[in-house]
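Report on the structure given below.
The values are calculated or read from the model by the stated rules, or taken from the named source; none is laboratory data. All values derive from a computational prediction rather than experimental measurement. Here the Cβ is made from the backbone with ideal geometry for all residues, glycine too, and neighbour counts use every protein chain on show.
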Amino acid sequence: MNTEVLKGGFGNAPVDAAYAFRAAMKAMACPGTVEVLQGAQPPAPVSVAAGTLLLTLCDPDTPLHLAGDFDCEDVRAWVSFHIGAPVVAAEVSMFALGSWEALAPLSRFAIGTPEYPDRSATLIVEQEVLAQDGMALRGPGIKDSVTMALPETGAFQMNAMLFPLGLDFFFTSGDQVSALPRTTKVEVA
Amino acid sequence: MSDYNFAYLDEQTKRMIRRAILKGLAIPGYQVPFASREMPMPYGWGTGGVQVSAATLTPADTLKVIDQGADDTTNAVSIRKFFEKTAGVATTEETGAASIIQTRHRIPEEDLREDQILVYQVPIPEPLRFLEPSEIETRKMHSLEEYGLMHVKLYEDIAKHGAIATSYAYPVKVEGRYVMDPSPIPKFDNPKMEMAAIQLFGAGREQRIYALPPYCKVVSLDFEDFPFEASKADHACDMCGATDSYLDEVIMDDSGGRMFVCSDTDYCTGRRQAGHMGAQAAAASAALEETAV
């Protein structure tokens with residue numbers, strides 16, 4: 001048995017998860033801000049921040065999609081032991097983890113229904129870096145406007161037009177996280 | 001250390017609540033269903049707010065709990081003690097010193113900051129519930145953005161009373177989309193909802209969570225010829241002399257004696273410590289001085 005898989009969970013789950021959630025909530029409430037997210041030591045290629053998000057938000061109730069390189073033996077075993085989320089196809093997932101390229105096309109994911117717009121997927125997008133320049137963001141949680149580097153513009157503009165339906169995104173890199181909910185209007189700065 | 005898991009709830013429950021909070025922040029004003037748990041206090045005592053607070057607290061937080069603006073009422077004291085015991089967090093009565101404020105029916109007078117979180121206790125989260133009892137229907141009305149009935153209700157207020165008589169739980173529209181119940185805060189507090197802090201709403205019995213991110217557009221419903229007005233008792237606080245705070249009317253005796261005091265106890269105390277004095281406080285201290293002489 002590969003005992004590496006048993007490592008990398010929270011040391012003190014209630015407290016680590018509490019701090020992690022607050023960072024994730026701050027990121028989602030204030031799009032464009034970068035928060036530090038630590039606690040997990042997931043196997044490669046999953047970043048510390050993405051692994052911590054999974055430990056904080058996912059459990060056997062949340063079908064998870066692993067896209068591209070992230071769908072490997074090590075990650076599946078780690079998710080299975082620490083989280084217990086069923087690994088599923090994109091169409092039926094509540095959470096998805098992968099690179100921007102691997103998560104495409106986004107039309108595969110659930111965007112909620114008019115009566116229940118909350119029944120939509122949350123995508124965790126792994127990036128090389130989280131840079132705070134590039135696109136201009138406006139919307140709830142942003143005082144005037146902020147800038148943030150995004151993998152592309154069109155997809156997020158399309159997503160915002162679906163409001164109140166749509167996808168919500170976390171971006172992770174190393175131990176950093178930022179977020180982009182469906183309400184944020186993205187423009188080329 | 002206590003025998004409870006940190007902040008009372010088990011981890012799976014907290015994850016479920018946390019997911020609902022995140023979806024609530026992503027869809028401001030929309031009521032996210034959640035599997036509300038039984039809490040060791042009766043419904044109507046803030047079980048929704050308590051669950052949201054429990055899922056949001058960290059050991060580094062300082063918690064303030066207010067009930068109708070007061071830190072020292074039964075509901076506030078018992079919830080504060082609950083979290084002192086089950087989460088071991090620091091508590092305070094000072095608005096400025098708190099990182100999380102759980103509130104029943106008021107927004108503090110002092111402006112909140114970006115690093116603060118306001119958690120509301122909500123009895124009936126559905127603003128259309130008293131107009132349409134069926135959940136299936138109200139859910140459809142929200143999905144179709146069919147809010148005519150609410151305007152008819154406000155219009156009937158005007159037809160009957162000459163003005164919009166709704167004085168608390170005054171409906172708001174969030175980001176031009178969802179009509180939301182701001183919980184039974186006085187309409188005086190409605191304009192404060194466009195604030196820098198994160199606002200979370202928990203309804204335990206009704207099993208709904210909703211949220212407002214900072215700087216979210218929150219507009220009180222009204223008509224061009226009957227604009228919304230944030231009203232309060234036309235008086236100054238008799239204790240601290242404040243003219244800008246929401247006031248409670250307190251009956252003092254059987255012969256019509258009354259006084260108006262700030263409902264926000266921390267705001268009133270702070271002003272009095274800074275040397276401000278209202279009419280009745282001044283009269284009482286003058287009388288006290290006379291007897292001393």
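Report yes if residue B:193 is under 30 Å from residue A:33 (Cα atoms), surrounded by 17 or more Cβ atoms within 10 Å (Cβ to Cβ) and either in contact with a Leu (Cβ under 7 Å, 6 or more places away or on another chain) or not acidic (Asp, Glu) (or both), otherwise no.
Yes, satisfied.
Of A:16, A:59, which residue is outside any loop (DSSP other than H, G, I, E, B), at negative phi, more than 14 Å from the chain's Cα centre (by Cα) and acidic (Asp, Glu)?
The conditions single out A:16.
Kindly check whether there is at least one residue in the range B:48-67 that is away from chain A (no Cβ under 14 Å) and either within 30 Å of residue B:140 (Cβ to Cβ) or surrounded by fewer than 22 Cβ atoms within 10 Å (Cβ to Cβ) (or both).
yes
Considering only the range B:137-161, state which residues are under 19 Å from residue B:224 (Cβ atoms) and not aromatic (Phe, Trp, Tyr).
Across the range B:137-161, the qualifying residues are B:148, B:150, B:151, B:152, B:153, B:154, B:156, B:157, B:158, B:159, B:161.
Of the residues A:21, A:81, only one is in a helix (DSSP H, G or I), out of contact with any Phe, Trp or Tyr (no Cβ under 7 Å at 6 or more places or on another chain) and within 14 Å of another protein chain (Cβ to nearest Cβ); which?
Just a single option satisfies the conditions, and that option is A:21.
Would you be able to say whether some residue in the range A:140-147 is farther than 28 Å from residue B:11 by Cβ, acidic (Asp, Glu) and out of contact with any Lys or Arg (no Cβ under 6 Å at 6 or more places or on another chain)?
Yes, the conditions are met somewhere in the range A:140-147.
Of the conditions (1) surrounded by fewer than 19 Cβ atoms within 10 Å (Cβ to Cβ); (2) under 30 Å from residue B:54 (Cα atoms); (3) of a type in the set (D, E, K, R), residue B:244 fails just one. Which one is it?
Result: residue B:244 fails condition (2) only.
Given the residues A:125, A:92, which is the only one that is surrounded by fewer than 16 Cβ atoms within 10 Å (Cβ to Cβ) and in contact (Cβ under 8 Å) with a residue 12 or more places away in the chain?
Criteria check complete, one pass: A:92.
Keeping to the range A:158-176, report how many residues are more than 9 Å from every other protein chain (Cβ to nearest Cβ), more than 15 Å from residue A:123 (Cα to Cα) and out of contact with any Asp or Glu (no Cβ under 8 Å at 6 or more places or on another chain).
Of the residues in that region, 5 qualify.
Quick grid of which residues meet (1) farther than 20 Å from residue A:152 by Cβ; (2) among the polar types (S, T, N, Q); (3) at pLDDT below 95:
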| residue | (1), (2), (3) |
| --- | --- |
| A:67 | no, no, no |
| A:71 | yes, no, no |
| A:104 | no, no, yes |
| A:121 | no, no, no |
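Quick check on my filter: what residues within the range A:88-145 are part of a strand (DSSP E or B) and of a type outside the set (A, V, I, L, M)?
A:95, A:98, A:99, A:120, A:122, A:126, A:138
Just give me the residues in the range A:152-172 being buried (at least 18 other Cβ atoms within 10 Å of the Cβ) and under 28 Å from residue A:38 (Cα atoms), in sequence order.
Selection gives A:156, A:166, A:167, A:168, A:169, A:170, A:171, A:172.
When residues of the range A:54-78 are filtered for being within 14 Å of chain B (Cβ to nearest Cβ) and in contact with a strand residue (DSSP E or B) (Cβ under 6 Å, 6 or more places away or on another chain), how many remain?
Within the range A:54-78, residues that are within 14 Å of chain B (Cβ to nearest Cβ) and in contact with a strand residue (DSSP E or B) (Cβ under 6 Å, 6 or more places away or on another chain) number 3.
Could you look through the range B:61-92, keep only residues that are more than 18 Å from the chain's Cα centre (by Cα) and among the basic types (Lys, Arg), and pick out the one that is farthest from residue B:264 (Cα to Cα)?
Ranking the qualifying residues of the range B:61-92, first place goes to B:85.
Which of the residues spanning the range B:20-68 are part of a loop (DSSP other than H, G, I, E, B) and touching a strand residue (DSSP E or B) at 6+ places or on another chain (Cβ under 7 Å)?
The answer is B:28, B:29, B:30, B:31, B:34, B:46, B:57, B:61, B:68.
Determine whether the range B:22-33 contains at least one residue that is of a type in the set (D, E, K, R), touching a residue at least 12 places away in the same chain (Cβ under 8 Å), within 13 Å of another protein chain (Cβ to nearest Cβ) and crowded, with 18+ Cβ neighbours inside 10 Å.
Checked against the condition, which is being of a type in the set (D, E, K, R), touching a residue at least 12 places away in the same chain (Cβ under 8 Å), within 13 Å of another protein chain (Cβ to nearest Cβ) and crowded, with 18+ Cβ neighbours inside 10 Å, the range B:22-33 yields no hits at all.
Taking residue B:219 as meeting all but one of (1) closer than 21 Å to residue B:194 by Cβ; (2) part of a loop (DSSP other than H, G, I, E, B); (3) within 21 Å of the chain's Cα centre (by Cα), write down the number of the exception.
(2)
Scan (1) in contact with a Leu (Cβ under 7 Å, 6 or more places away or on another chain); (2) assigned to a loop (DSSP other than H, G, I, E, B); (3) more than 30 Å from residue B:32 (Cα to Cα); (4) hydrophobic (A, V, I, L, M, F, W, C) for the single condition residue B:239 breaks and write down its number.
Here residue B:239 meets the rest and fails (1).
Taking the conditions exactly as written (over 16 Å from residue A:46 (Cα atoms), part of a strand (DSSP E or B) and within 13 Å of another protein chain (Cβ to nearest Cβ)), does residue A:179 satisfy them or not?
yes
When the residues of the range B:10-21 are narrowed to those that are within 19 Å of residue B:86 (Cα to Cα) and basic (Lys, Arg), which ends up farthest from the other protein chains (Cβ to nearest Cβ)?
B:14
For the range B:6-19, does any single residue satisfy the condition of being assigned to a loop (DSSP other than H, G, I, E, B), among the aromatic types (Phe, Trp, Tyr) and either touching a strand residue (DSSP E or B) at 6+ places or on another chain (Cβ under 8 Å) or within 25 Å of residue A:141 (Cβ to Cβ) (or both)?
No, because not a single residue in the range B:6-19 is assigned to a loop (DSSP other than H, G, I, E, B), among the aromatic types (Phe, Trp, Tyr) and either touching a strand residue (DSSP E or B) at 6+ places or on another chain (Cβ under 8 Å) or within 25 Å of residue A:141 (Cβ to Cβ) (or both).
Suppose we filter the range A:1-18 for residues that are of a type in the set (Ser, Thr, Tyr) and at the interface with chain B (Cβ under 7 Å from one of its Cβ atoms); how many remain?
Residues in the range A:1-18 being of a type in the set (Ser, Thr, Tyr) and at the interface with chain B (Cβ under 7 Å from one of its Cβ atoms): 0 in total.
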